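Notes to accompany the following structure.
The values are calculated or read from the model by the stated rules, or taken from the named source; none is laboratory data. As the structure is a computational prediction, the values presented were derived from the model and not from experiment. Positions of Cβ are generated from backbone atoms using ideal geometry, with glycine treated the same way; all protein chains shown enter the neighbour counts.
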Amino acid sequence: MPQLRFLKIEFMDGSTATYSFPGQSANKAVKQVRLESFFKDRQIILHGDGKLTIIPLDNVKSLQLSSDGSDIEGIRMPPHAILGAQRTD
């Protein structure tokens, strides 16, 4: 059974929305293409509960996506990405 993942979206107006979804199994090349597409396309597209939701990233303050680290292992992050960060407050 796929691991359950979570996406928390904080919008510019201060409201938040949290979504859960099954882990997406794919090889590293597919994951790399998905990540690059996400940064280029500037929108979040969610399908579930009989709905298609499209959220422009212009309306988003921050995103948190659960990860155990193994699902992004070997994926090239943008050059400005800070890896291994831990929140201290």
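Here are a few things to note about the model shown:
- Number of the condition not met by residue 45 [criteria: (1) surrounded by 13 or more Cβ atoms within 10 Å (Cβ to Cβ); (2) of a type in the set (A, V, I, L, M, F, W, C); (3) at pLDDT 80 or above]: (1)
- Test: residue in segment 2-11 that is in contact with a helix residue (DSSP H, G or I) (Cβ under 8 Å, 6 or more places away or on another chain), modelled with pLDDT of 90 or more, surrounded by 10 or more Cβ atoms within 10 Å (Cβ to Cβ) and over 21 Å from residue 78 (Cα atoms): yes
- Annotation: of all residues in segment 15-42 being within 24 Å of residue 80 (Cβ to Cβ) and under 11 Å from the mean Cα position of the chain (by Cα), the one that is surrounded by the fewest Cβ atoms within 10 Å (Cβ to Cβ) is 39.
- Taking (1) among the hydrophobic types (A, V, I, L, M, F, W, C); (2) exposed (fewer than 12 other Cβ atoms within 10 Å of the Cβ); (3) touching a helix residue (DSSP H, G or I) at 6+ places or on another chain (Cβ under 6 Å) in turn, residue 82 satisfies each apart from (3).
- Failed criterion for residue 64 (all others in (1) surrounded by 10 or more Cβ atoms within 10 Å (Cβ to Cβ); (2) in a loop (DSSP other than H, G, I, E, B) hold): (2)
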